[in-house]
Structures are given as structure tokens and as C-alpha cells.
Amino acid sequence: MFTQDLECRFCSDTRILTQELATLSDKIDVDVYDFLADNQKAKEYGIDKIPAVAVIGKVDHGLRIYGIPYGYELQTLVEAIINVSRGTTDLTIKRKPS
């Protein structure tokens with residue numbers, strides 16, 4: 001989760017939400033990074049704005065959620081966590097015709 005030292009309202013709400021989600025299971029870890037102070041980590045994850053959540057399992061599939069994940073976005077975050085933990089998704093790959 002990326003925020004900054006002087007948190008915006010949505011940054012603090014996102015940080016609190018992700019930290020509360022982590023209390024639901026010992027399989028969920030949350031690392032909080034400062035977007036400016038940890039700019040190398042932000043570049044490593046391709047984070048270019050905050051608040052941002054990078055959902056990463058054994059492999060980083062590039063799944064990022066920007067903004068506060070409230071409302072329907074909360075379901076998206078929970079599904080992302082589940083899918084990343086399983087290493088699978090219900091999405092299908094649409095292949096271009098040859």
C-alpha cells in the first residue's frame with residue numbers, strides 16, 4: 001500500500017482499510033510505503049499515484065488498485081486478494097485471430 005507522510009483523506013482511509021483486511025487472515029500481509037520516501041519501491045511496482053494498493057502473491061501479476069477501494073471497489077479488492085492467493089482467475093484470455 002502506498003501513501004505519503006502527510007496523508008490525504010483517501011490515503012489514510014485506504015491504509016486503514018488494508019490494515020483491517022490483514023487482520024482477517026494471517027495469510028494477508030500489508031506493507032505501507034511512503035510514495036516519496038520509498039520512491040524506488042514505487043518505481044519497482046510501477047506506482048505513479050496515491051493511494052495505491054499492489055496486490056502481490058508468490059508472483060507479481062501487476063495488479064494495482066488506485067484510489068480508495070470503497071463501495072463496489074471493495075469487492076474488487078477482496079476478489080483480487082483471493083485470485084492472487086490462488087494464482088488463478090475467472091478471466092479468460094481473448095486471443096487475436098491469426
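The values are calculated or read from the model by the stated rules, or taken from the named source; none is laboratory data. Computed from a predicted structure; not experimentally measured. Because the Cβ atoms are built from the backbone with ideal geometry, glycine has one as well, and the counts that use them run over all protein chains shown. Ligands, DNA and RNA are stripped out before the accessible areas are found, and what is left, the full protein with its side chains, is counted by its heavy atoms. Shrake-Rupley method; radii C 1.70, N 1.55, O 1.52, S 1.80 Å.
The residues of the chain have, on average, 74 Å² of accessible surface per residue, using a 1.4 Å probe with all protein chains present. With θ taken as phi - 60° and the Karplus curve 6.51 cos²θ - 1.76 cosθ + 1.60 applied, the whole-hertz 3J(HN,Hα) list for region 7-18 is 6, 6, 4, 6, 5, 5, 5, 5, 4, 4, 4, 5 Hz, x standing for glycine and proline. Applying the criteria of a DSSP loop state and at most 13 other Cβ atoms within 10 Å to the chymotrypsin sites (Phe, Trp or Tyr not before Pro) of region 43-94 yields Tyr70.
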